[in-house]
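Okay, so here's the structure we're looking at.
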């Protein structure tokens, strides 16, 4: 009888015990997957899709741009670089405001710049007219339950949602309105917090950035960033959270190994004589060890087969009402096939390590000791 | 009873590694509960400090007590017309080149800020109207983070200020640098603009009222409360994961104790023979479950303290640390007790209901 057949026969012999072992290990697999999925959701968000070589100019002395104001000279300095280097220069109005009891980014830019410089693509409805109309990011539509026709109170004024848009980066959870509407609503002062500079095709972003940074209207007063760099710089809090999630997920995976250790250790404690008899009947120590390791791996595989659907079902249940949003970041847990494969490998490894530790004693004990027990 | 408990613990100690692994397994949900509770405690105590006796007039919808509100000083005339004789102006801003180097700046009226803010002075003296420019009093957390000392300099937005006092409020203000309103306006280039006006509640303006010029009134501390709301979905999510981990830990404990009990069924049968009641055997198992839970609790506190100390959540000049308070401790102890008892009850009931003949016969089955 091979170690594999022996392991299968053993697991089938006492099904209740097998089920209990599998249930115990499945529990931690579910938790490891949930925490891992949360870490992955944050990690995916932090790996912001590239917005090309777009540059932004802002006041570097403010952590939140809402309080800053860029004078028109900054825009003119960017435009002065010419069409060979810069294809479009776009002012962006930026505020973090409570809208209908949610903290959201309210942005405004000239309508002509939305598709190009601001990377917005219409997902549903239509772009807003100048006046009391806005569009919202798909993330915000999901999280807040706002739809076409919803009325948002922005700065004390009712504004109607006419469409939803899709956008990379944090703007996906923003409210956008035409710059003219923002001027009417917020007044003509402090209308530009960020200037977006779209680098011309074929032009070198680094050169444009250096030229802008050296401009007398900008140097020493404002800073030039790649848009991606700036977004990543402001996600420090999320990185802290991400680290905590990784720690939690790692601990849960450690618990898989512990579950494997417990399953093997209890098995050895329950059947010391049977293990010794196996060796007496011609099984080598290596074969008995292989049988025990295979047995544990099978338990882990069974637990994984139960744990993954359970975790997926849990994730689906959590998002029955849409993803959770933390500071406008969507925490949407998904059982991505690649991550499931990684978890499968880590589970197998963890179970192997746990079983190896518990069976190490078997390698040291003699047959006589086993029989005596 | 006591001897039954002692025998139970002795039986458990015969499998020391199993005990340790079981305890670590049980410690995981408890540690999660401690971390979640600890971070939430610090966040709520620092940020959720609404003072309903004061109103803040700010840009509508903004987080004026942190950033994002900039209103003209002429607003004071509007408020006087509404019956407020002495509105107190403040500036709130987050300054710094990066989130890591950010400082929460508060511009105050040196002659009147003590009317609306209470604090405990740790070192030095309060800021007063006669102070020269570039004097600041800073919160204890900011002093600690920046290694700032009394009489020494601290950089705020690239300028050097002299620390005249270090205060503590137990709120987010402990991360702030307070400077005179004039210094703050100069520093930010705001001319005579301010962030907010503070007025007493109970007057003609009510919380939620919209005022001309895009202004609105909120309770003092509303910005902090709104910020804590943004965190709630995360804590709810983590709480549900920790809860599930707890349930499964109890199941794993139950399965393991059940198998240990099965292993020792003949010994337990012998205990019944020598006069132990079925209830004593149940206590025997419960003692094992509670011992695992007790060890798990110790491990959870040690683990959570280590992780909490190493992993403060920080952004834009503020930190959220893990703070363990009595309520969290009580909750975690209750969870530990719950897991210990829930993990013991099935094997204990099974054992108590098992006839003596079944226990003894099983050895030869």
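Throughout, read-outs are computed from the coordinates displayed, never taken from laboratory work. The model shown is predicted, which means the values in this text are computed figures rather than measured ones. Glycine gets a Cβ as well: all are built from the backbone with ideal geometry, and neighbour counts include every protein chain shown.
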>> Under 10 Å, Cα contacts only: if you run a Gaussian network model on chain B, which one of B:341, B:234, B:34 comes out with the highest mean-square fluctuation?
In response: B:234
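For the stretch A:246-359, what value does the Rg/Rh ratio take when both radii are computed over Cα atoms and Rh is the Kirkwood radius, given to two decimals?
Working: Rg = 18.5 Å, Rh = 16.1 Å.
Over the Cα atoms of the stretch A:246-359, Rg/Rh equals 1.15.
Quote to one decimal, in nm, the extra length available between residue A:206 and residue A:219 on full extension: 0.36 nm per residue of separation minus the C-alpha distance between them. Mind showing how you got there, number by number?
Working: separation 13, 0.36 × 13 = 4.68 nm, distance 1.57 nm.
My answer for the length gained is 3.1 nm.
Translational diffusion coefficient of the protein assembly as shown at 20 °C, 1.002 mPa s, Stokes-Einstein with Kirkwood Rh over Cα pairs, in µm²/s as a whole number. Walk me through the intermediate numbers first.
Details: Rh = 29.4 Å.
Value of D from the Cα-based Kirkwood radius: 73 µm²/s.
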>> Working only with C-alpha atoms, what are the Rg and Dmax values of the stretch A:28-108, expressed in angstrom?
In response: 19.0, 60
>> Under a crude label model (7 Å from the Cα following the beta-carbon direction), how far is residue B:236 from residue B:130 in nanometres?
In response: 5.5
>> For a distance above 36 Å, tell me the whole-number percent of Cα pairs in chain B that qualify.
In response: 44
> How are the Cα pair distances of chain A distributed, in percent, across 10 Å bins from 0?
Replying inline: 5, 19, 21, 16, 12, 10, 9, 6, 2, 0
>> Averaged across orientations, what area in nm² does the convex hull of the alpha carbons in the stretch B:1-52 project?
In response: 6.3
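Is the C-alpha gyration tensor of the stretch B:1-137 telling us rounded, prolate or oblate? Criteria: a/c under 1.5 is rounded; beyond that, a/b larger than b/c is prolate, otherwise oblate.
It is prolate, given that a/c is not under 1.5 and a/b is the larger ratio.
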> Who wins for biggest fluctuation among A:266, A:333, A:148 in a Gaussian network model of chain A, springs between alpha carbons below 10 Å?
Replying inline: A:266
> Taking each residue of A:241-252 in turn, how many C-beta atoms of other protein chains fall within 10 Å of its C-beta, and what is the average?
Replying inline: 4
>> Let me make sure I get this right: for the stretch A:109-195, a, b and c are the square roots of the gyration tensor eigenvalues over alpha carbons, sorted descending. Under 1.5 in a/c it's rounded, otherwise prolate if a/b > b/c, else oblate. Which is it?
In response: oblate
> Among B:335, B:286, A:305, which comes first, second and so on when ranked by fewest other beta-carbon atoms within 10 Å?
Replying inline: A:305, B:286, B:335
> Radius of gyration and Dmax for the stretch A:1-142's Cα atoms, expressed in Å?
Replying inline: 27.1, 85
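Give me the percent relative contact order of chain B, please, defined on Cα pairs under 8 angstrom at least 6 residues apart. It would help to have the intermediate numbers written out before the result.
Working: 639 pairs, mean separation 108.6, N = 365.
Relative contact order for chain B comes out at 30 percent.
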> Roughly how crowded by other chains is peptide A:261-272, in terms of the mean Cβ count from those chains within 10 Å of each of its Cβ atoms?
Replying inline: 4
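Quote the FRET efficiency, to the nearest 0.05, computed for residue B:356 versus residue A:316 with a Förster distance R0 of 51 Å and r equal to the Cβ-Cβ distance. Spell out each step's value before the answer.
Working: r = 49 Å, r/R0 = 0.96.
Working from the Cβ atoms, E equals 0.55.
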> With springs only between Cα atoms under 10 Å, which of B:334, B:287, B:348 fluctuates most in a Gaussian network model of chain B?
Replying inline: B:334
> Which whole-number percent is the relative contact order of chain A (Cα, under 8 Å, 6+ apart)?
Replying inline: 28
>> Just want to confirm a number: the relative contact order over the stretch A:55-234, from Cα pairs under 8 angstrom separated by 6+ residues, in percent.
In response: 35
>> Using a 10 Å cut-off around each Cβ of peptide B:24-37, what is the average number of partner chain Cβ atoms that fall inside?
In response: 3
>> I'd like the distance separating the alpha-carbon centroids of the stretch B:166-223 and the stretch A:84-163, in whole Å.
In response: 28
>> Once each part is reduced to its C-alpha centroid, what is the distance from the stretch B:312-345 to the stretch B:1-79 in angstrom?
In response: 8
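How would you classify the stretch B:171-234 from its alpha-carbon gyration tensor, with a ≥ b ≥ c the square roots of the eigenvalues: rounded for a/c under 1.5, else prolate if a/b is greater than b/c, otherwise oblate? Working shown, then result.
Values: a/c = 1.94, a/b = 1.13, b/c = 1.72.
Cα axes put the stretch B:171-234 in the oblate bin.
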> Which whole-number value in Å³ per residue fits the convex hull of the alpha carbons of the stretch A:97-157?
Replying inline: 93
>> At a 10 angstrom cut-off on C-beta neighbours, averaged per residue, how do the peptides A:90-96, A:158-164 rank from highest to lowest?
In response: A:90-96, A:158-164
> If one computes P(r) from the Cα atoms of the stretch A:55-234, what percent of pairs lie at distances over 31 Å?
Replying inline: 14
> Efficiency by 1/(1 + (r/R0)^6): what FRET value for residue B:2 and residue A:371, r their Cβ-Cβ distance, R0 = 35 Å, to the nearest 0.05?
Replying inline: 0.45
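Per DSSP H run of at least 4 residues, take -39500 (n - 2.57); add these up for chain A, divide by its residues and hand me the 222 nm value, nearest 500 deg cm²/dmol. Provide the component values of the computation, followed by the final result.
On the way: 12 runs with 195 residues, N = 373.
Calculated from helices alone, the mean residue ellipticity at 222 nm is -17500 deg cm²/dmol.
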